[in-house]
Amino acid sequence: MTRRILILPGDGIGPEIMQHAIRVLEVARDRQGFDVELEHALVGGAAIDAHGTPLPESTLELAKAADAILLGAVGGPKWDALPTANRPERGLLGLRSGLELFANLRPAILFPQLASASSLKPELVAGLDILILRELTGGIYFGEPRGIDRDAAGHRRGFNTYVYTEPEIRRIARLGFELAGARNKRLCSVDKANVLEVTALWREIVEDEGRQFPDIELSHMYVDNAGMQLVRAPKQFDVIVTGNMFGDILSDVAAMLTGSLGMLPSAALDANSKGMYEPVHGSAPDIAGQNLANPLATLMSIAMMFRYTFGEAKLADDLEAAVSDVLDSGLRTRDIAPADGAGVQLVGTDGMTDAVIAAFSRRLSA
Ligand code: NAD
């Protein structure tokens, strides 16, 4: 079975990381018989320059036909002055909605070798491995009515609608239970059920879905407490499931626990586990073209692709272990190196990828 993967390098550091990252897919193909066909297309600023739109119809069609998509990053100062509707980031939103990618998976993993890079004390975060599951296509970011008008007294009034339907809650809750089942079997649902009716319904439905997953330990937490607990004792969590806005905020908090943007992968999945995989970081225009970008977030996004879309758990495990091997060996890109550089060997995007590929190949043949 040939898997079709669409490569969308995007802008800034996206293309230079991607050029190396696809070598990992080639290793999996050549060494492990992971039969894959790569296609390439433009998105974001690069697509604006070539076609006048951040998401050309041809890119969306290729994305729909692909089994998975690997995205670099989009955006940059060159396109900052464009109206919101034409900006590079619109390309991402168009892909998410066009492909119905309703589930955003953001693991926050802190390799013990990097514990000192976190803003929290090493003992609180060393070995951290939590997964935040954020609903991505509903909630207050999409609810209608929305807008700014005037009230009866003539004062300007802004409003949005926080709405979730029962099926929307059920499908994200179910995925949360399934993901927890493949990990440490604990799911924490985050809401504000004491104040917002929509999340009282959320809690009720999650509770109900949970009856089908008796082996998963379900807990509920108000979002304010969840924010506090994430910085107080983050290792208490396994999988967190929550709505779009709360997930947006909490996943950024969790991201910073790990110290570096350059280490964080993510996935957005549809109902059939087709996914778009991308690093959490942006296009980093300040370091683009200098061989300074950390490729590990993108490489670990590939590991997520192996695991969640293609069911290749061994390839995923081996690739993640290869990253850990390389960190053990002391190699660091600048963003994850100690300021004085003591005890580590600085490498660029290419050197880091070469080392991970060598370690991955060793793991595959072990
Ligand atoms: P950014 O993530 O691009 O960069 C923030 C800081 O982190 C910068 O100092 C950068 O050098 C550093 N950094 C980021 N990724 C790194 C990596 N892999 N290795 C080493 N250092 C890394 O965020 P920003 O500066 O706020 O945004 C820059 C552009 O990226 C903007 O146009 C923004 O809209 C866009 N953006 C895109 C995405 C996306 O494509 N998903 C996400 C966030 C921001």
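Collect the residues in segment 225-251 that are out of contact with any Asp or Glu (no Cβ under 9 Å at 6 or more places or on another chain), under 19 Å from G176 (Cα atoms) and open to solvent by 30 Å² or more (accessible area, probe 1.4 Å), keeping them in residue-number order.
Q236, M245, D248, I249, listed by residue number.
Name the single residue, out of those in segment 187-206 being in contact with a strand residue (DSSP E or B) (Cβ under 7 Å, 6 or more places away or on another chain) and in a helix (DSSP H, G or I), that is most open to solvent (accessible area, probe 1.4 Å).
The extreme case among them is R203.
Across segment 30-61, what is the number of residues that are in a helix (DSSP H, G or I) and surrounded by 16 or more Cβ atoms within 10 Å (Cβ to Cβ)?
Adding up the residues that qualify gives 7.
Residues of segment 208-231 being part of a helix (DSSP H, G or I) and out of contact with any helix residue (DSSP H, G or I) (no Cβ under 9 Å at 6 or more places or on another chain), which ones?
Within segment 208-231, D224, N225, M228 meet the criteria.
Could you say which residue among P285, P265 is at pLDDT 95 or above, open to solvent by 40 Å² or more (accessible area, probe 1.4 Å) and in contact with a Pro (Cβ under 7 Å, 6 or more places away or on another chain)?
Just one listed residue meets the conditions, P285.
Quick one: E123 ticks every box in (1) surrounded by fewer than 13 Cβ atoms within 10 Å (Cβ to Cβ); (2) touching a strand residue (DSSP E or B) at 6+ places or on another chain (Cβ under 8 Å); (3) at pLDDT below 95 except a single one, so which number is it?
(2) is the only condition that E123 fails.
Pick from G259, G289, G275: which is within 14 Å of the chain's Cα centre (by Cα) and of a type outside the set (A, V, I, L, M)?
Exactly one residue qualifies, and that residue is G275.
Taking segment 322-346, which residues are under 20 Å from S301 (Cβ atoms), within 15 Å of the ligand (Cβ to nearest atom) and open to solvent by 30 Å² or more (accessible area, probe 1.4 Å)?
Scanning segment 322-346 gives a single hit, D335.
Being more than 16 Å from the ligand (Cβ to nearest atom), open to solvent by less than 60 Å² (accessible area, probe 1.4 Å) and not aromatic (F, W, Y) narrows it down to one of L319, L292, so name that one.
Exactly one residue qualifies, and that residue is L319.
Only one residue in R87, R96, R106 is surrounded by 21 or more Cβ atoms within 10 Å (Cβ to Cβ), within 15 Å of the ligand (Cβ to nearest atom) and among the basic types (K, R), so which one is that?
Answer to the selection: R106.
Picking from S301, S266, which residue would you name as being within 12 Å of the ligand (Cβ to nearest atom), under 15 Å from the mean Cα position of the chain (by Cα), among the hydroxyl-bearing types (S, T, Y) and assigned to a helix (DSSP H, G or I)?
Answer to the selection: S301.
The values are calculated or read from the model by the stated rules, or taken from the named source; none is laboratory data. Since we're looking at a predicted model, the values are computed, not measured. Neighbour counts run over all protein chains shown; Cβ positions are idealised from the backbone, glycine included. Calculation scope for accessible area: heavy atoms of the full protein, side chains included, ligands and nucleic acids excluded. Shrake-Rupley method; radii C 1.70, N 1.55, O 1.52, S 1.80 Å.
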